[in-house]
Amino acid sequence: MGRLCETDGLTDDQTEILKAVRQFVEEKILPVATELEHADEYPQEIVDGLKELGIFGLMIPEEYDGLGESLLTYALCVEEIARGWMSVSGVINTHFIVAYMLMKHGTEEQKRKYLPRMATGEVRGSFSMSEPGLGSDVSAIKTKATKGEGGYTIDGQKMWLTNGGTSNLIAVLVKTDEGADSVYKNMTTFLVEKEPGFGETAPGLTIPGKIDKMGYKGVDTTEAIFEGHQIAAEQILGGEPGKGFYQMMDGVEVGRVNVAARACGIANRAFELAIAYAQTRETFGKQIADHQAILFRLAEMATKVEASHAMMVKAARLKDKGERNDVEAGMAKMLAAEYCNEVVQDSFRIHGGYGYSKEYEIERLYREAAFMLIGEGTSDIQKMIIGRSLLKDYKLR
């Protein structure tokens, strides 16, 4: 291992966890990642290995049978996993967001019902906020939950559910009629149970199938169609309607740290591939690493990887302290995603024509990096969040 993406001030437990994850990535993920990705094959053996490592319960408190670790520990593990294959980090990301939302906002009954089984991976979570034609305008969601005598009826269509097929618990944001003046106070998060798989996975809930994507393969990304799905009021996250938007935004905030970590992992791997290739490829009688143009490019790539890692670590540590981190999480996600794409593109160029061949790993990373620009909000959305927060902080009196 090189010197990039090292983190100061880790405990012995954190160091041992990262060592175990790094070894798992080297032995179980990297050797098969490209083959599985090209086949768009779900990495079941890898997922089973992550269950044994305790990754699915990494942040779940010990009282609910988890490891009780911090967001920082989780983010650093995600960084390592994404270095091996970004899709695998996607398998655990939405699961983690749902577990986090339960920990922060769930009733005690909901926590005891789901968290111990989420820690083992028996219950697998997915996260559903977006809809067709919706984009980043969450206020425009149309999926509704109508209250009746026996609970609620959900109708509508959701989009871009990571783990939509393999999960058996969906945290889904819908509109409810709370009579509030603000549209954001008329939204509720429901905990929807279903069977894993495709087709009708619960009465009134259909998961049509996997969406075919340019990258981010292996992991299942789906739609969810609700047609008269009956659900009890007890399945409202936290037990109180009208708080769904704020619960979801809390989950997305930590999700942005997660995506920043994924981008750091991809960028680090792209740099590793580039600096190795630059020392084996020869042109004009010397290795290309000895050409100043390549040397400068490698230096810039490494600096971008380090800057992204440092900002991601800062955002995670602020959240762990219970402090506000909306600006830092947005900055980390934006910077890491943009730098990830730049580093991967530079690595692609260093590989020359071979980078365009599917035999080389950089081809896969090139397609995966693009998703970092979109997941958990585009860079433009991050800039809006950052800019608005800064205006409040620096408002002239």
Which strands (runs of 3 or more DSSP E) does segment 118-237 wholly contain that include 3 or more residues that are open to solvent by less than 10 Å² (accessible area, probe 1.4 Å) and touching a Phe, Trp or Tyr at 6+ places or on another chain (Cβ under 7 Å)? 169-175
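Which one of Gly57, Gly68 is out of contact with any Lys or Arg (no Cβ under 7 Å at 6 or more places or on another chain), buried (at least 24 other Cβ atoms within 10 Å of the Cβ) and either without any contact (Cβ under 8 Å) to a residue 12 or more places away in the chain or at negative phi (or both)?
Gly57
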Exclusive hit being in contact with a Leu (Cβ under 8 Å, 6 or more places away or on another chain), open to solvent by 40 Å² or more (accessible area, probe 1.4 Å) and closer than 25 Å to Trp85 by Cα, set Glu300, Glu359, Glu342, Glu306: Glu306
Do you know which residues across segment 255-276 are surrounded by fewer than 24 Cβ atoms within 10 Å (Cβ to Cβ) and either in contact with a strand residue (DSSP E or B) (Cβ under 6 Å, 6 or more places away or on another chain) or of a type in the set (A, V, I, L, M) (or both)? Leu273, Ile275, Ala276
Taking segment 352-392, which residues are of a type in the set (D, E, K, R) and touching a residue at least 40 places away in the same chain (Cβ under 8 Å)? Lys358, Glu361, Arg364, Arg367, Glu368, Glu376, Lys383
Which one is farthest from Asn268 (Cα to Cα) among residues in segment 31-45 that are part of a helix (DSSP H, G or I) and open to solvent by less than 10 Å² (accessible area, probe 1.4 Å)? Glu37
Being part of a helix (DSSP H, G or I), free of Cβ contacts under 8 Å to residues at least 60 places away in the same chain and crowded, with 24+ Cβ neighbours inside 10 Å narrows it down to one residue among Ile81, Ile92; which is it? Ile92
Within segment 1-25, restricting to residues that are in a loop (DSSP other than H, G, I, E, B) and open to solvent by 60 Å² or more (accessible area, probe 1.4 Å), the one that is modelled with the lowest pLDDT is Met1
Taking Lys28 as the residue in question, decide whether it is under 30 Å from Thr188 (Cα atoms), open to solvent by 20 Å² or more (accessible area, probe 1.4 Å) and in a helix (DSSP H, G or I). no
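The values are calculated or read from the model by the stated rules, or taken from the named source; none is laboratory data. Source: prediction; values computed, not measured. Counting neighbours? That spans all protein chains shown, and the Cβs are built from the backbone with ideal geometry, glycine included. Calculation scope for accessible area: heavy atoms of the full protein, side chains included, ligands and nucleic acids excluded. Shrake-Rupley method; radii C 1.70, N 1.55, O 1.52, S 1.80 Å.
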